[in-house]
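S.K.: What follows is a single structure, and I will ask about it in a moment.
The values are calculated or read from the model by the stated rules, or taken from the named source; none is laboratory data. Please read all numbers here as calculations on a predicted model, not as lab measurements. Please note: Cβ atoms are built from the backbone with ideal geometry, for glycine as well, and neighbour counts cover all protein chains shown. For accessibility, only protein heavy atoms count, side chains too; no ligands or nucleic acids. Shrake-Rupley method; radii C 1.70, N 1.55, O 1.52, S 1.80 Å.
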Amino acid sequence: PPAATDHELLRVHTSGYVRKVAGGDLTPSEIRRIGFPWSPQMEQRARRSAGATLGAARSALQEGLGVNLAGGTHHAFADRGAAFCVFNDSAIAASAMLEEGRAERIAVVDCDVHQGDGTAFLGRNIPEVFTLSIHGANNFPFRKESSDIDIALDDETEDLEYLARLEGGLEVVFRFCPDLVIYLAGADPFVGDRLGRLSLSKKGLLERDRLVLESCRSRGIAVAVTMAGGYADRVEDIVDIHFQTVQLAARLG
């Protein structure tokens, strides 16, 4: 995908932070917080991942649905990255769609197992953006921010409770009447995920995707999907979960 431009990044991130990432001037502690060693390729990866979410959002608003095979970097704040997140692609895409006049209201539905703290913080002062995060209560980040809706789940939460809690949250999201939903379809609520602490099956995760995508489709709401996290011991499990998300999106699209 095209790389996100400085103009697109600077709607969300500070000029000092963008300049440090571009020039390789991050401090050792900033690099440790992000978790990636800096390189020109790392900077390009981060820009193109954000660019792909921009593309998915534009495609969704034109065709009803778009998918980025990366993205979901929801721990990045305006002036710093964290936890494998360099730039906050959801906030970048939401800001761009509003400024370009493609959407008037945008909701971020974050189903990664970790709270979308950066997105919650960045969206706090943008009344046209509504944030929902459904995540493990006892998981990273240990200092949570306040989303418009936070659904904090106990360890070992299984399919039925997860889906019921998410359905209730979506009802509130739809009262906001968004033109676009940016959906973080994390694979990490999976029972076999090393960092997840929840206990969803692959079938349960597919039903989660179906609930979000079909609920939006029935209301005529465009959806841009990003993949977010996945840390299962078997890489094949992560691939299976992401593949079923994309397959369902393609079928509905």
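S.K.: From the set of residues in segment 1-48 that are in contact (Cβ under 8 Å) with a residue 12 or more places away in the chain and acidic (Asp, Glu), which is nearest to Ala228 (Cα to Cα)?
M.R.: Ranking the qualifying residues of segment 1-48, first place goes to Glu43.
S.K.: Conditions: (1) of a type outside the set (Asp, Glu); (2) in contact (Cβ under 8 Å) with a residue 60 or more places away in the chain; (3) more than 30 Å from Leu98 (Cβ to Cβ); (4) open to solvent by 30 Å² or more (accessible area, probe 1.4 Å). Leu206 meets all but one. Number of the miss?
M.R.: Just one mismatch for Leu206, condition (2).
S.K.: Considering only residues of segment 10-22 that are charged (D, E, K, R) and assigned to a helix (DSSP H, G or I), which is least open to solvent (accessible area, probe 1.4 Å)? Before you say what the answer is, go through the steps one by one.
M.R.: Kept after step one, since they are charged (D, E, K, R), are these residues of segment 10-22: 11, 19-20.
Going one step further and asking which of them are assigned to a helix (DSSP H, G or I), we end up with 19-20.
Values: Arg19: 149, Lys20: 61 Å².
For segment 10-22, the residue satisfying everything is Lys20.
S.K.: Could you give every pair whose Cβ atoms fall below 6 Å, whose first residue belongs to segment 121-132 and is without any contact (Cβ under 8 Å) to a residue 40 or more places away in the chain, and whose second residue is open to solvent by 70 Å² or more (accessible area, probe 1.4 Å), counting only separations of at least 6 or pairs across chains?
M.R.: These pairs meet every condition: Glu128/Arg105; Thr131/Asp148.
S.K.: Yes or no: Ile92 open to solvent by less than 20 Å² (accessible area, probe 1.4 Å), over 29 Å from Ala164 (Cβ atoms) and either without any contact (Cβ under 8 Å) to a residue 60 or more places away in the chain or among the β-branched types (Val, Ile, Thr) (or both)?
M.R.: Working: open to solvent by less than 20 Å² (accessible area, probe 1.4 Å): yes; over 29 Å from Ala164 (Cβ atoms): yes; either without any contact (Cβ under 8 Å) to a residue 60 or more places away in the chain or among the β-branched types (Val, Ile, Thr) (or both): yes.
Answer is yes for this residue.
S.K.: List pairs: first residue in segment 155-182 and open to solvent by less than 50 Å² (accessible area, probe 1.4 Å), second residue basic (Lys, Arg) anywhere in the structure, Cβ distance under 6 angstrom, at least six positions apart or on different chains.
M.R.: From residues that are open to solvent by less than 50 Å² (accessible area, probe 1.4 Å), the pairs are Pro178/Arg105.
S.K.: Every residue in segment 118-129 that is over 15 Å from Thr226 (Cβ atoms) and either hydrophobic (A, V, I, L, M, F, W, C) or surrounded by 24 or more Cβ atoms within 10 Å (Cβ to Cβ) (or both), please.
M.R.: Ala120, Phe121, Leu122, Gly123, Ile126, Val129
S.K.: Can you list the helices (runs of 4 or more DSSP H) lying wholly within segment 23-111 that have 2 or more residues being farther than 30 Å from Arg219 by Cβ?
M.R.: Details: elements: 28-34, 40-63, 89-99.
The qualifying helices (runs of 4 or more DSSP H) are 28-34, 40-63.
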